[in-house]
Amino acid sequence: LRYSTPASEDSPSKLFLKLSKPGFDAEIAARFGERESQYYNVIAKSMNDSPSATCYDAAFSADTGKSHMLLADLTETHFQTDWPLPPSKAHCETVLDSFARFHAAWWDHPQLGNSIGKFPTSDSIDEYVRSMEKKFAGFVDFLDDRLSAERRRLYERVLSRAPEVWKQRIRVPNYGGKHLTLIHGDAHFWNCLYPRRLDQDKAYIIDWQCWRIDTATDDLAYMIALHWFPERRRVLERDLLKNYHDKLLKFGVRNYYWDACWHDYRLSVIGNLFIPLWQWSAKLWPAIWWPHLERAFMAFEDLDCEELLRS
């Protein structure tokens, strides 16, 4: 950057410009651009300690469907691992610390459902499941014998039972609150920037085009249960979640007990089964959704999520 007047010491010399992706589905790109600009212009500006990089300008044009985000360039202080290599345990902890701060800041916040976002409802859950049923029919035809009869039956059971289980979760106040918050919605470990100096900086979260109001554990189950193979998940999953839960309480969340957090996490793991369906229907590479499908089933089985469908 060049400045027309003498710049202060903290004036950036470089910025990061994010533009609408050329060739991407126009409807999805427009929806993503509008949502991400809303995040930076409304949500991030409402926070004292945002988990996202400083945004100097965010704009979306309804006429063209195009958007841009002008962000701080964190190349010198932060890094990412190469996909699909997961980060170290220490870097996982600092990421979950940033998520806990974000989730806690918006936990049962009075702006939710009013000036920011919409709460999930029975109707919205039904609409989502109906869309998954349509995708599932095509998914089954496409995979043929690559999806076993047992897994097809499990999908059918989840499609029939999960809606009522999820509705019960949002319908009944839990220990004095709904315990819903803003979530990222696409919270994999490669949408995070890790500090090069853990003792000096925090992790930042990027790509905010999928934010919504929901249970916080949707972000965690997406991050851990969907993206990690069983060996690493079994070693780190519970410890990371307990540490995250401790941080929620430290940052001000009240009356959300560990058992409730673990129960919510298992409900979120059920929802992971639908993510490969959406990714397949959106024509993402099989290299993305095929391993997700396998990991989603393995986590579902390991955590005995079938039990929740029987309750």
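Output the qualifying pairs, or none if there are none: Cβ atoms under 6 angstrom, residues six or more apart or on different chains, first residue in the stretch 64-82 and within 22 Å of GLY33 (Cβ to Cβ), second residue among the β-branched types (Val, Ile, Thr) and in a loop (DSSP other than H, G, I, E, B).
Pairs found: ALA72/THR54.
Restricted to the stretch 111-137, and to residues that are of a type in the set (S, T, N, Q) and in a loop (DSSP other than H, G, I, E, B), which residue is most open to solvent (accessible area, probe 1.4 Å)?
ASN114
If only one of ASP186, ASP219 is open to solvent by less than 10 Å² (accessible area, probe 1.4 Å), within 9 Å of the chain's Cα centre (by Cα), closer than 26 Å to HIS109 by Cβ and in contact (Cβ under 8 Å) with a residue 12 or more places away in the chain, which one is it?
ASP219
Taking the stated definitions as given, is ALA90 touching a residue at least 12 places away in the same chain (Cβ under 8 Å), out of contact with any strand residue (DSSP E or B) (no Cβ under 7 Å at 6 or more places or on another chain) and within 22 Å of ALA282 (Cα to Cα)?
no
Of (1) in contact with a helix residue (DSSP H, G or I) (Cβ under 8 Å, 6 or more places away or on another chain); (2) touching a residue at least 60 places away in the same chain (Cβ under 8 Å), LYS14 satisfies all except one. Which?
Single failed check for LYS14: (1).
Being more than 18 Å from TYR204 (Cα to Cα), surrounded by fewer than 18 Cβ atoms within 10 Å (Cβ to Cβ) and modelled with pLDDT of 95 or more is the filter here, so list the residues in the stretch 67-94 that pass it.
The answer is HIS68, and nothing else.
Output yes when any residue across the stretch 96-110 is modelled with pLDDT of 95 or more, in contact with a helix residue (DSSP H, G or I) (Cβ under 7 Å, 6 or more places away or on another chain) and open to solvent by 40 Å² or more (accessible area, probe 1.4 Å), and no when none is.
No, the stretch 96-110 contains no residue that is modelled with pLDDT of 95 or more, in contact with a helix residue (DSSP H, G or I) (Cβ under 7 Å, 6 or more places away or on another chain) and open to solvent by 40 Å² or more (accessible area, probe 1.4 Å).
Of (1) modelled with pLDDT under 95; (2) over 25 Å from VAL165 (Cα atoms), ASN255 satisfies all except one. Which?
Only one criterion in (1) modelled with pLDDT under 95; (2) over 25 Å from VAL165 (Cα atoms) is unmet by ASN255, namely (2).
Pairs under 9 Å by beta carbon, first residue surrounded by 14 or more Cβ atoms within 10 Å (Cβ to Cβ) in the stretch 151-164, partner of a type in the set (D, E, K, R), six or more apart or different chains?
LEU154/GLU306; LEU159/GLU133; ARG161/ARG310; PRO163/ASP126
Checking the condition β-branched (Val, Ile, Thr) and in a helix (DSSP H, G or I), which residue from ILE288, ILE213 passes?
ILE288
Assuming PRO230 fulfils every condition listed in (1) surrounded by fewer than 21 Cβ atoms within 10 Å (Cβ to Cβ); (2) farther than 22 Å from THR81 by Cα apart from one, which condition is it?
Evaluating PRO230 over (1) surrounded by fewer than 21 Cβ atoms within 10 Å (Cβ to Cβ); (2) farther than 22 Å from THR81 by Cα leaves (2) as the failure.
The values are calculated or read from the model by the stated rules, or taken from the named source; none is laboratory data. The structure displayed is predicted, hence computed values, not measured ones. No Cβ is skipped: glycine too gets one built from the backbone with ideal geometry, and neighbour counts run over all protein chains shown. With ligands, DNA and RNA removed, areas are computed over all heavy atoms of the protein, side chains included. Shrake-Rupley method; radii C 1.70, N 1.55, O 1.52, S 1.80 Å.
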